[in-house]
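What follows is one structure encoded as structure tokens, with my remarks underneath.
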């Protein structure tokens, strides 16, 4: 079955620390990849996406992610986190054989940034 | 991007009753989706709702339990029927942009079944 794995369920960092959240998926075909963020009390927002082209994509608020096809991975990174990055982060995969519709989400990673 | 609203934002319901959740988007979209996010878990797709056709349900979800309407290109409803405490969850509406192919999410409806 298609699945998305996020390796860390809870991450605690101090401000200015670097962040990397892992995401791996199990699907052999072409995929679109997404990271969503949910700040406390807010709804899901798109952080960044990969459809094709440069495997290193940049999103909002200084986040970036790298698609490594051979590893079926799409890890999220930020060089220096801020307290305002405290949120839950979800990796999502759209297997294109199903058309532009079905998003399969990972379990999410709760990030807490301490000042 | 699309602006999506949902009603109600939260509700507490009795076992055995039904609740209809409304989703309104500020622009016309072909595809709308309904997701469920159970406590402490990730999002699971319930069904895809295209205007003018029957909703397509994912494995584990059936029309009798979760009937969906899609009367036009900006509106959809999801009904949670014959509720049990296991239906306590956040239900989210989502739309696919016909231009960017990005999915946008509504604020969710927090349902508690007692």
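The values are calculated or read from the model by the stated rules, or taken from the named source; none is laboratory data. This is a predicted model, so every value here is computed, not measured. Because the Cβ atoms are built from the backbone with ideal geometry, glycine has one as well, and the counts that use them run over all protein chains shown.
Taken over the range B:95-106, the residue count meeting the criterion of being facing another protein chain (nearest Cβ under 9 Å), over 11 Å from the mean Cα position of the chain (by Cα), crowded, with 16+ Cβ neighbours inside 10 Å and in a loop (DSSP other than H, G, I, E, B) is 1. Beta carbons closer than 9 Å, at least 6 apart along the sequence or on distinct chains, never pair a first residue in the range A:88-115 that is within 15 Å of residue A:51 (Cα to Cα) with a second that is at pLDDT below 85 and in a strand (DSSP E or B). Of the residues making up the range B:52-70, those that are without any contact (Cβ under 8 Å) to a residue 24 or more places away in the chain, more than 14 Å from chain A (Cβ to nearest Cβ), outside any strand (DSSP E or B) and touching a strand residue (DSSP E or B) at 6+ places or on another chain (Cβ under 9 Å) number 5. The listed residues are B:92, B:73, B:78, and the only one of them that is closer than 19 Å to residue B:6 by Cα, within 14 Å of chain A (Cβ to nearest Cβ) and surrounded by 15 or more Cβ atoms within 10 Å (Cβ to Cβ) turns out to be B:92. Restricting attention to the range B:27-45, the residues that are more than 7 Å from every other protein chain (Cβ to nearest Cβ), at pLDDT below 95, over 20 Å from residue B:100 (Cβ atoms) and surrounded by 15 or more Cβ atoms within 10 Å (Cβ to Cβ) add up to 2. Here residue A:74 does not qualify as buried (at least 17 other Cβ atoms within 10 Å of the Cβ), within 11 Å of another protein chain (Cβ to nearest Cβ) and within 30 Å of residue B:56 (Cα to Cα). Checking A:29, A:41 one by one, the residue that is within 18 Å of residue A:113 (Cα to Cα) and either within 14 Å of chain B (Cβ to nearest Cβ) or in contact (Cβ under 8 Å) with a residue 12 or more places away in the chain (or both) is A:41 and no other.
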